[in-house]
1. For each of R297, R390, count neighbouring Cβ atoms within 10 Å of the residue's Cβ, then give the residues from fewest to most.
2. Where does the chain land on Rg(C-alpha)/(2.2 N^0.38 Å)?
3. So for the range 323-467, Kirkwood radius off the Cα pairs, Stokes-Einstein at 10 °C and 1.306 mPa s: how many µm² s⁻¹?
4. Taking the simple approach of a point 7 Å from Cα along Cα-to-Cβ for both R182 and Y89, what is their distance in nm?
5. Hey, fewest Cβ within 10 Å first, where do R94, R306, R138, R428 land in order?
6. What are the equivalent ellipsoid semi-axes of the range 194-314, built from the alpha-carbon gyration tensor (square roots of five times its eigenvalues), in whole angstrom, biggest first?
7. Calculate, in nm to one decimal, what N296 and K41 gain on full extension: separation in residues at 0.36 nm each, minus their alpha carbon distance.
8. Report relative contact order for the chain in percent, whole number only (criteria: Cα-Cα under 8 Å, sequence separation at least 6).
Amino acid sequence: MYSKGFIVLADHAVSTNESPTSQRLTNEYLANEIENEWLFKIKRLPGKLVIKYGIVMVVLAFLETLLVISNNICYLGYWEAFTTTSSKYRDAFRDTRLAHATYLDSDLLGPYSLWRGWVVPSFLAGSTYLVLSILSLRHELYHWKPELLEHYIEATRQSKIGQYIPRRWIDFAFHIYQDKHREHVAKRIQKREHVALQDSKEFLKVLRTVAFNILISVIGVLILWILLLRTKLEADNIVQLPKSYVPPIQGILWYLINDFFYFYPHWIAHTGPASNVLKYNIVPPPLAVAIYKCFNRSHKLHHRTRANLGVAAWYCSPWEQIIFNLFPALIGPYITQVIADAAGIEHIWGTHLATLYVWLMAASASSVLAHTGYRSSWNDPGKHDLHHERAFNPRTAVNFGTMGFFDWLHGTASPIPKADARAWRAQRDRQAALYEASKRTGIPLTKEQMEVVKQPDHSQEWVDKAI
């Protein structure tokens, strides 16, 4: 309830003509009440769910909803339209010079379904990685402090060209940058930057390494498809959708298998046999040391700096790309297909191409999102970011898995990321409540009130220049 010159807040009135301190408290008091309003909580709920479970899980839930609708209510035809469009691109590709030169237009390749089993999934997974990597780089456009740019802004105003640009346009652009920089600071988990952002040669090195690892991944998908063709996989009649309950169950199984084959090599690479990761009564000491050295050396390039960068998710040695990334992701679909064949239920529980496509895209997306170094409204990489901060200190290294089950089983899961995430979500709610309070009262927020969201920093500066 409002009246001229006053704001009625709770059981008392505050004058809008009072001192800045009183006005600041007015927004604070009103924000306290707004945070307890049911309408405010309902508005914040969807965003909270996305932050808590991640954009990948939200997209997977959406796709599962479409599958349930198509199988039980109304056939939507999205998968059939996708396969038809894909076939048209295949036919167009077979007429190109590249296809003729590489014999990919041969009719002998038809029975192997290389297009749908190799080209399409490789393209989907690779493009998912590249698109998300580019999107994650947009945060880095705003890392310069606004105070450092004021000199250049003023120089632009005084220049011959700047005299013809309306001052309010320049001020508007600068204010936009200030807001973006504030978001940059609020979302960045670590205070440092990846070394590739400070050195163009390092950045090019990252790009070359990632490009080579994408090529390795393409070869890995081809090997998986060749193995699947030796099973009873349905590679011809793929229009029929899988049962609604199959993809979620397979996804959980593949996730567990992926976490199993990713966690243990990763754990060994960081801790070594001296930390009792490899039990000497199971693995002979010389073999344990050899395995540790192999995994450790393969993994060190990825941890050259503690700061994360989305495009550098696959910045690693070829051996690590195979052992840590490819094998855990690809072995699950093959295992479930083999088991389904042995049980005679491959027509229901066999690996469906639609499920395989989604799985590979989700795996690529998760790799990039875990390395962005930013908490945002649709991604929280805090768990893996803390892993990078602790690097190769066996006493403090944590969070070696992906889904967290094996970290929980072995006591290597750190409570810090969850606590940080809860605090960050509370800060976001407070920030939203303050903006709503300012909107209702007409009293501008102070600088401190606009910078409520802050990220904790748990690490120290470190770069391994020997790598």
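1. Ascending number of Cβ neighbours within 10 Å: R297, R390.
2. 1.17
3. Translational D for this selection: 83 µm²/s.
4. So the label points at R182 and Y89 sit 4.2 nm apart.
5. R138, R94, R428, R306
6. 32, 25, 14
7. Length gained between N296 and K41: 87.1 nm.
8. Relative contact order for the chain comes out at 24 percent.
Here, each number is a calculation from the coordinates, and none is a lab measurement. This is a predicted model, so every value here is computed, not measured. Cβ atoms come from the backbone with ideal geometry, glycine included; neighbour counts cover every protein chain shown.
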